[in-house]
């Protein structure tokens, strides 16, 4: 069956819970062992003291380690990306930070694409260096050869541990070549030291892009966004092989930043409508982008659907990596911060708020909001200017979304 069908029941049997058609919320901190021997066996597997026997699953111990809601959710999330395993976190940043701390040891080098979400940018550039982790960044249009030269110029090529990619990039919709990132990782890998590739897939969600198919070892999400989709839950996820996710879950256990049963249950609810929501959002976004493309109030529109064969590698990359143009649009308004703020303040249907991927349409000003902490020189280089506005298109009727944008333009 296809993932959208399996989202209804995969990983759950009603007879486990008095015939309830949906999984109950297992609001419990701890679980009772049948015997002391069983408790010993559960801990041996959970702490890696011995490998699991054939057919042996990790038993329920304590909700900081595992919980039925969490396990069912993690099983379902693997389906879209065709990953072996998944770890769900209390937030998207918890997923990102835990993954980076696990796979980039002190004294090693992290290679990252730009631009990045503001929270990721802050952690990578301002917090990781405190742990003696060096960071080098490459630009959107850099070739693998240029990226390799950039890494070698650091003098730490033999310490490269991870290539971290965000694509499409927040907030400009720039596309980063995942396969090229994998080629760079393989160039610096040795038989006894594998350089991994992690991709933040939040902008495309698990429906519109599948990074593992293009060479990624790890896929990251702010599950708050499309996966949650209702602006009522905060969560994150990391997906990959059993071997890698075992390491992620190991650190998660001791950092204590896993999602709770309520968040897991809400995300299971949201997964059932994920594809229909995202399909509608993508259809709406195409209509909104077409309106913006012809608006006299707009200088430039950053939308994947605007790419044509004339754009060369960018168009080819969109065709190869993405199954949709997505529902994220950014545009430069004619004017400056004053005009941008007048537009944002005049919106009625569209909500002035950060986040993205929810049922309601959202608008924000990246330069002073989500990316306020990004270095000013980097913002200028990455086109995150005072004119830039970011739209997350929701599931409302597209004509109403366009009408709201049109009336807000009149205020500038």
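Please treat every number below as a calculation from the coordinates, not as lab data. Owing to the predicted nature of the structure, the values given are computational and were not obtained by experimental measurement. Using ideal geometry, Cβ is built from the backbone for each residue, glycine included, and neighbour counts are taken over all protein chains shown.
Worth pointing out:
- Gap separating the Cα centres of region 252-273 and region 66-99, nearest whole Å: 8
- Over 33 Å [Cα-Cα, the chain], rounded percent: 35
- Axis angle, to the nearest 10 degrees, between helix 92-103 and the longest C-alpha principal axis of the chain: 60 degrees.
- Against the compact-protein benchmark of 2.2 N^0.38 Å, the Cα-based radius of gyration of region 69-195 scales to 1.10.
- The chain - percent relative contact order, Cα under 8 Å, separation 6 or more: 16
- Bridges between two residues of the chain, per DSSP, are antiparallel at a rate of about 60%.
- When only alpha carbons are used to place a centre, region 18-59 and region 158-236 end up 31 Å from one another.
- The chain: angle of helix 337-346 to the longest principal axis, Cα-based, in degrees nearest 10: 70
- GNM result for the chain, Cα springs below 10 Å: residue of 115, 376, 105 fluctuating most strongly: 376
- Once the Cα atoms are used to define both axes, helix 398-409 deviates from the longest principal axis of the chain by about 50 degrees.
- Cβ crowding within 10 Å ranks 350, 412 as 412, 350, fewest other Cβ atoms first.
- Unit Cα scatterers, Debye sum, region 274-409: log10 I(q)/I(0) for q = 0.13, 0.16 Å⁻¹: -0.55, -0.84
- GNM top mover of 256, 215, 236 - the chain, alpha-carbon springs below 10 Å: 256
- Highest-MSF residue in the chain out of 46, 20, 95 [GNM, Cα springs under 10 Å]: 20
- In the chain, the DSSP-assigned H stretches of four residues or longer account for a calculated mean residue ellipticity at 222 nm of -11000 deg cm²/dmol, using -39500 (n - 2.57) per stretch and the full residue count as denominator.
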